[in-house]
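Colleague: Handing you a structure now.
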Amino acid sequence: MADRKNDHIRICQTQNVESNAELFAKMNFVPEALPELHFSEINTKQEFFGQTFDLPILITAMTGGVEKGQEINETLALAAEKFNIPMGLGSQKMMIKEPKFKKLFDIRKTAPKLFIIGNLGAVSLNYGISLEDIQRLVDDLELNAFALHLNALQECIQPEGERNFANLLQKIEIIAKTLPVPLLIKEVGSGLSPSTFQKLVNAGVSGIDVGGKGGTSWGYIEGLRANKEGERLGDLFRNWGLPTDESLIACAKVKKDFQYNVPLVATGGMRNGLHVAKAVAVGATMVGVGLPLFRAAVSPLKGETPLESVERELSFFKKSLSITMFCSGAKMLSDLSSRIVRESL
Ligand SMILES: Cc1cc2nc3c(=O)[nH]c(=O)nc-3n(C[C@H](O)[C@H](O)[C@H](O)COP(=O)(O)O)c2cc1C
C-alpha cells in the first residue's frame, strides 16, 4: 500500500491530473460600486459541525500512508490551525492494518486545537473494516469528525481496486447512528447525484461533500499507475461525472425543498476565493481544497518553507474571497446568495 501512496504523491506532484470543467462559468456576482462598508468589516466566519471557523474552507483529505505523508500532514495541520479551518486526513487504512503507522497521522500534538477529520474508503466496510476500527481511530487520533469516501471509479481503474460496493448504504447508516462524532460522506471527483444525496441524508449522515468533477481526477491518476489497458481506461474516464458546481446546485435544491439540516461541502477544482464565494452563494457550507495545498506543501517556491508556501496559498484564498465579498457588497457569507446572478447551467 505504501508503494501506491508514493505513486499518488509523485503523480500529483509532477503531472497534470485534473479533469475538465469550467466551474461556475455561468455565474457572476453583481459588482457593487458602493459597498458602504470598510474592507475590515468583511466577515468570513462559518459554522460547521458545531464549531465556528474563520473561513468556509477545509483542507480536504489527502494522503498520509507514507513517511513523506507525515511531513505533509504536519505542515497542513500547522497551517490549518493558524487559519482556524478544519483539516481532513488521508485514508487511515494502513494504520488499522499496522498500528505502527499511527505516527503518520498523529497530528494532534502538532496542532492541539485543530478540528481533524479522519478518513477511510466506505468500500473498506466490505473488506473487514468495522465500526470498532473507526471508533478506535477516533479515540487514538483524537478526531473531531470522520469521513468515509466514495470512490467507485478509482477502485475500478486501480489495479488492486476493491470493487464490492454492495450493501454499503446500510453499513453507512449503522455508523452514522452509532459514531459519537459527525460522519461526513465524500465523493472524490465524480460528484453526487441528488438521489444519492437524499439516500445518504435519510441514512442519518451528518454532512455531505459532493466531491465533483473539475479538480483532481482519481480515475486518471490510477490509469497512470496501471498497465496499458488501465491507462486507456483512465484516459476514457478522466472527465467522468457531475461537475462540482452542478452537483452542488442540484443537491442544494433538494436540501432546500426537503428542509434537510445537513451541511454541504463542495470539493473538486476549487482554486480561489471566487470559487469559494460562488459555492457558498449557491449552498455550500464549506469548500474543500486539495491539490493546490498539496502542491504548496511538497513543492514550495525557492526560498520558502513548505509551511510558508501553504500559508501563502491559503492567504490567496482568503484575500480573493474577501475581495469578492467586498466588491459585491456582501458583509457576511450569508449575504452572498442575494448577490449572485446565474445564467442557466
Ligand atoms: C495527494 C492526494 C491524496 C488524496 N488522498 C485521499 C484520501 O486518502 N481520501 C480521500 O477521501 N480523498 C483523498 N484525496 C481526494 C481529495 O480529498 C479531494 O476529494 C480531491 O483531490 C478533489 O479536490 P481537489 O480538486 O481540490 O484536489 C486525495 C487528493 C490528493 C491530491
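Colleague: Failed condition for I57, given (1) away from the ligand (no atom under 12 Å from the Cβ); (2) open to solvent by less than 40 Å² (accessible area, probe 1.4 Å); (3) within 20 Å of A77 (Cβ to Cβ), with all others met?
Modeller: Of (1) away from the ligand (no atom under 12 Å from the Cβ); (2) open to solvent by less than 40 Å² (accessible area, probe 1.4 Å); (3) within 20 Å of A77 (Cβ to Cβ), only one is false for I57: (1).
Colleague: Provide a single number: the residues in the range 64-96 that are over 18 Å from the mean Cα position of the chain (by Cα) and at pLDDT below 90.
Modeller: Qualifying residue count, the range 64-96: 3.
Colleague: Okay, moving on. Pick out the one residue from I129, I117 that is under 23 Å from H8 (Cα atoms), in contact with a Leu (Cβ under 7 Å, 6 or more places away or on another chain) and in a loop (DSSP other than H, G, I, E, B).
Modeller: One residue alone meets the criteria, I129.
Colleague: Here's another thing I want to ask about it. Pull up the range 287-313, narrow it to residues that are among the charged types (D, E, K, R) and without any contact (Cβ under 8 Å) to a residue 40 or more places away in the chain, then point me to the one that is surrounded by the most Cβ atoms within 10 Å (Cβ to Cβ).
Modeller: Ranking the candidates gives E313 first.
Colleague: Those residues that are acidic (D, E) and under 19 Å from the mean Cα position of the chain (by Cα), I need them from the range 130-185; list them, please.
Modeller: Once the filter is applied, which keeps residues that are acidic (D, E) and under 19 Å from the mean Cα position of the chain (by Cα), the range 130-185 yields only E155.
Colleague: Can you name every residue in the range 193-212 that is touching a helix residue (DSSP H, G or I) at 6+ places or on another chain (Cβ under 8 Å), within 12 Å of the ligand (Cβ to nearest atom) and not small (G, A, S)?
Modeller: Selection gives V210 alone.
Colleague: Across the range 220-255, what is the number of residues that are modelled with pLDDT under 95 and either outside any helix (DSSP H, G or I) or closer than 20 Å to M270 by Cβ (or both)?
Modeller: Adding up the residues that qualify gives 2.
Colleague: Look through K68, K5 and report the one residue that is within 11 Å of the ligand (Cβ to nearest atom), of a type in the set (D, E, K, R) and open to solvent by less than 40 Å² (accessible area, probe 1.4 Å).
Modeller: Sole residue among the options that is within 11 Å of the ligand (Cβ to nearest atom), of a type in the set (D, E, K, R) and open to solvent by less than 40 Å² (accessible area, probe 1.4 Å): K5.
Colleague: Restricting attention to the range 78-130, which residues are more than 18 Å from R4 (Cα to Cα), of a type in the set (A, V, I, L, M) and buried (at least 21 other Cβ atoms within 10 Å of the Cβ)?
Modeller: Passing the criteria: A79, A80, I85, M87, I107, L114, I116, I117, A122, L125, I129.
Colleague: For the range 34-52, enumerate the residues that are of a type outside the set (D, E) and farther than 15 Å from S322 by Cα.
Modeller: Selection gives L34, F48, F49, G50, Q51, T52.
Colleague: Check G273, G268, G215, G283 and return the single one that is open to solvent by 10 Å² or more (accessible area, probe 1.4 Å), within 15 Å of the ligand (Cβ to nearest atom) and small (G, A, S).
Modeller: G268
Colleague: Further question on the same structure: Return the residue satisfying two criteria in turn: it lies in the range 177-186 and is without any contact (Cβ under 8 Å) to a residue 60 or more places away in the chain and β-branched (V, I, T), and of such residues it is most open to solvent (accessible area, probe 1.4 Å).
Modeller: Ranking the candidates gives T178 first.
Colleague: Name the single residue that is most open to solvent (accessible area, probe 1.4 Å) among those in the range 187-207 being in a loop (DSSP other than H, G, I, E, B) and not small (G, A, S). Steps first, answer last, please.
Modeller: Applying the first criterion (in a loop (DSSP other than H, G, I, E, B)) to the range 187-207 yields 188-193, 203-206.
The next check asks that each one be not small (G, A, S); those that pass are 188, 192, 205.
On the way: V188: 34, L192: 8, V205: 8 Å².
Only one residue tops the list, namely V188.
Colleague: Next question. Kindly establish whether I249 is of a type outside the set (S, T, N, Q), within 15 Å of the ligand (Cβ to nearest atom), open to solvent by less than 70 Å² (accessible area, probe 1.4 Å) and within 21 Å of the chain's Cα centre (by Cα).
Modeller: no
Colleague: Can you spot a residue in the range 37-53 that is open to solvent by less than 20 Å² (accessible area, probe 1.4 Å), within 15 Å of the ligand (Cβ to nearest atom) and either under 23 Å from L150 (Cβ atoms) or acidic (D, E) (or both)?
Modeller: No: zero hits.
Colleague: Do we find a residue being touching a Cys at 6+ places or on another chain (Cβ under 9 Å) and more than 12 Å from the ligand (Cβ to nearest atom) anywhere in the range 180-190?
Modeller: So far as the range 180-190 goes, no, none of its residues is touching a Cys at 6+ places or on another chain (Cβ under 9 Å) and more than 12 Å from the ligand (Cβ to nearest atom).
Colleague: Enumerate the pairs (first residue in the range 116-139 and farther than 24 Å from L153 by Cα; second residue anywhere and open to solvent by 10 Å² or more (accessible area, probe 1.4 Å) and of a type in the set (D, E, K, R)) with beta-carbon separation below 9 Å, excluding pairs fewer than 6 apart on the same chain, so at least 6 apart or on different chains.
Modeller: So the pair list comes out as I116/R108; I116/E142; L131/K171.
The values are calculated or read from the model by the stated rules, or taken from the named source; none is laboratory data. Only a predicted model underlies this, so the values are computations on that prediction, with no experimental measurement involved. In this analysis, Cβ positions are derived from the backbone assuming ideal geometry, glycine residues included, and neighbour counts consider all displayed protein chains. For accessibility, only protein heavy atoms count, side chains too; no ligands or nucleic acids. Shrake-Rupley method; radii C 1.70, N 1.55, O 1.52, S 1.80 Å.
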